[in-house]
Structures are given as C-alpha cells and as structure tokens.
Amino acid sequence: MDTIILGIESSCDDTSAAVIKNGVLLSNVVANQAVHEAYGGVVPELASRAHQQNIVPVVNEALKRANVTKDQLSAVAFTRGPGLMGSLLVGVSFAKGFARALNIPMVDVNHLNGHVLAHFIKEPDEETAQPKFPFLCLLVSGGNSQIILVKSYSEMEVLGQTIDDAAGEAIDKCSKVMGLGYPGGPIVDRLARQGNPKAFTFNKPQIPGYNYSFSGLKTSFLYSLREYLKEDPDFIEHHKNDLAASLEATIVDILMSKLRKVAKDYNIKEVAVAGGVSANNGLRNAFREHAAKYGWNIYIPKFGYTTDNAAMIAITGYFKYLNKDYCPMELPAFSRVTI
C-alpha cells in the first residue's frame, strides 16, 4: 500500500504544501508574501493573516499537481515550530482539522530537522546523492546558525550554535544599514559577485568551542560605515559591491572556520549545508573549495529547498510516519526550540 504524506509549512512568511508518495516528491507549492518588503522585515500579524488567505488554495493546488485526492492521504505532516507563533497556529490548526476530518494520523515536524533532512528529498526520475550517516550539517538561516551532528533521520545533536544573532540576520541588518532593501540576503549575494572580498576588514568574534557570534560583526560593520560616511556621504553607493563582498567573505570565513574544526575533531568527511543562507554563492563556493582541499563529500541543496518549503516537512514526516511517530491532537505549536 502506498504511503502518501501531505506536508504543511507556515513557520514564517511562506505558506507551503507538498505531497510525497513512498518517499518521492510529487508536488511542492509555495506562496510568498511580498507585503513585508515595505516594512524591511516580517510583520508577524500580516504574516499570519496572509497564511489564513493562502493555506486552503495552496493545499488544494499541491494535491491537484500531485494528482492525489485527500482520501488517498496516509497522514498530514506539519511544522509545529520553531517560528512565529501566529504563523505556526494557522498551519497547526489547519493540519489538526484536516487530519481529524479524514481520520488520519498527524505528524509534527521540527522546522530545523526539516531543513537538515531536505537532503533526502527525491524527485521523480532523478538520482540525487544523499549524505551517509553520521554526517555534519551546517544549518544557516535568518534565525539559526548551527553545526549539527546527524546520526540518523531521528537522532541529531547540536555541537555548536550562535550565542546571539544568526548569520542570515546579520546579513539582513547590514543590508538594511546600507539601504539595500529587504530581504538583504539575495541583494548582498548579487552585489558581492561584482565586488572585492578583501576591500574591507571587519571584526571576527573569538568565541570558544564550536559556537558562533555575529552581533560584534554587525557593530563593526556599522561603526566602519559611520567613519567612511563622514569622509564621503556617498560612500555606500560608491563602494556597495566591495562592502557586500567583504561582508559576505567575513561571514563565510566565520562559518567555515568552526565547521572545519568540528569536521577535524570528529573525523567526519560527510558534510552538508542547509537553510536559507545555503543559497549564498560565496558559501556554496567555500563548500566546494573545502571539498577539494580536505576531501569532504559535500551536499548542497537545490535552491528551491534552501528556503522554507513543505517538501522538507513532508519528507521528515514520511520518515516519522514509517516509525509510527505520530502527534497527539492536543499538542500546541511552539515558537522557540532547537533540534
């Protein structure tokens, strides 16, 4: 009998639904929210209202593209957290009502686990290399920066994480300081390709162990800009490519230096990257360089699986469903948690 999982993702500002059949992705629909661009960041209340508008048509479209009826579903997998509480409640409430109406199990998914297991998404008629256990995963996004030891589909251990801001958050805020717009990640990435990564030097925090810190880098970037702007009011416009390239290079170096240390200490050659920042060109190139230099087997997700999507929720839910790891109806959403 076929195992067909509907995945639902609503942790931040993307409403997404996906269908996976026997571990193979049949559809993955994402509805983005452009309303936040005018505010320079995600507005939680606006995000939750947009989710309410999008959730039903997005799920309907995912089922339609997969050529699957709701009566064929084996279970509903949904993001239970972490994320914005208002946004999560829309997906959680829909999943509960949908599962109860169909009398099928629910599977709750940790959003961060979903990013890690996005490497196991299979598309029809396509062979994709998958990490072998145990492997390391650098999870970098707007809200998280973690080095994770992945022992199995269900067993993960955080070895290091940011003690303040995430890498993606630092990029977004530095982009905002330069007046480049929101979201800052894609803009900085595009400008950095045309700039000199050695043009400017910013402070790199010295944190013991495997943990990260990016708040000091943000402060260094801001103070440096203030000094340059005193001499030239149009400094940012004249040097935005070099500023973006230098910022990106600094963040990538901070991320990779700790990852190198963990890989050496744990003697692991299987290394993956995940999360929204894994779409960054500089970070992807750094992974390829490290693979050549240190003999790593690297795993870089497709661009469509770097940002929030329901395909990663569906595949994580699929593995949990096979283990009969179901979710009771009374479990609430949670806004903060780790792996």
> Suppose R0 equals 30 Å; then what is the FRET efficiency for Lys151 and Glu330 from their Cβ-Cβ distance, rounded to the nearest 0.05?
Replying inline: 0.50
>> For a distance above 33 Å, tell me the whole-number percent of Cα pairs in the chain that qualify.
In response: 29 percent
> Tally Lys and Arg at +1 and Asp and Glu at -1 over the other residues with C-beta under 12 Å from the C-beta of Gly41: what net charge comes out?
Replying inline: -2
> Using a probe of 1.4 angstrom, how much of the accessible area of segment 135-302 is carbon and sulfur, in percent?
Replying inline: 47 percent
> Given that compact globular proteins tend to follow 2.2 N^0.38 Å, what is the ratio of the alpha-carbon Rg of segment 135-302 to that value?
Replying inline: 1.04
> Which FRET efficiency value, to the nearest 0.05, is calculated for Glu126 and Thr69 with the Förster distance at 22 angstrom and r the Cβ-Cβ distance?
Replying inline: 0.30
>> Once each part is reduced to its C-alpha centroid, what is the distance from segment 194-226 to segment 301-339 in angstrom?
In response: 33 Å
> For the chain, with only Lys/Arg (+1) and Asp/Glu (-1) charged at the beta-carbon, what is the dipole magnitude about the Cα centre, in debye rounded to 20?
Replying inline: 560 debye
>> For a 31 Å ceiling on Cα separation, which of these pairs sit above it: Lys122/Lys151; Lys204/Lys269; Lys132/Lys240?
In response: Lys132/Lys240
>> Over the chain, what is the relative contact order in percent, taking alpha-carbon pairs closer than 8 angstrom and at least six residues apart?
In response: 25 percent
>> If you split all Cα-Cα distances of segment 35-103 into 10 Å bins from zero, what percentages do you get per bin, shortest first?
In response: 18, 45, 27, 9, 1
> Ranked from highest to lowest mean number of other Cβ atoms within 10 Å per residue, what is the order of the peptides 248-254, 230-236, 143-149?
Replying inline: 143-149, 248-254, 230-236
> What is the sum of charges around Asp308, taking Lys and Arg as +1, Asp and Glu as -1, for the other residues whose C-beta is under 12 Å from the C-beta of Asp308?
Replying inline: -3
>> Springs between alpha-carbon pairs under 10 angstrom, Gaussian network model over the chain: which of Gly295, Gly184, Gly114 fluctuates most?
In response: Gly295
> Ranked by accessible surface with a 1.4 Å probe, highest first, in what order do Leu139, Leu102 come?
Replying inline: Leu102, Leu139
> Counting Lys and Arg as +1 and Asp and Glu as -1, what is the net charge of the other residues whose Cβ lies under 10 Å from the Cβ of Leu331?
Replying inline: 0
>> Pick from Glu157, Glu289, Glu227 the residue whose mean-square fluctuation is largest in a GNM of the chain, springs joining Cα atoms under 10 Å.
In response: Glu227
>> In Å², and per residue, what accessible area does the chain have when probed at 1.4 Å with the other protein chains present?
In response: 45 Å²
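The values are calculated or read from the model by the stated rules, or taken from the named source; none is laboratory data. None of the values given here were measured: they were computed from a predicted structure. Neighbour counts are summed over all protein chains in view; Cβ atoms, including those assigned to glycine, are modelled from backbone coordinates with ideal geometry. These area figures cover heavy atoms from the full protein model, side chains too; ligands, DNA and RNA do not enter into them. Shrake-Rupley method; radii C 1.70, N 1.55, O 1.52, S 1.80 Å.
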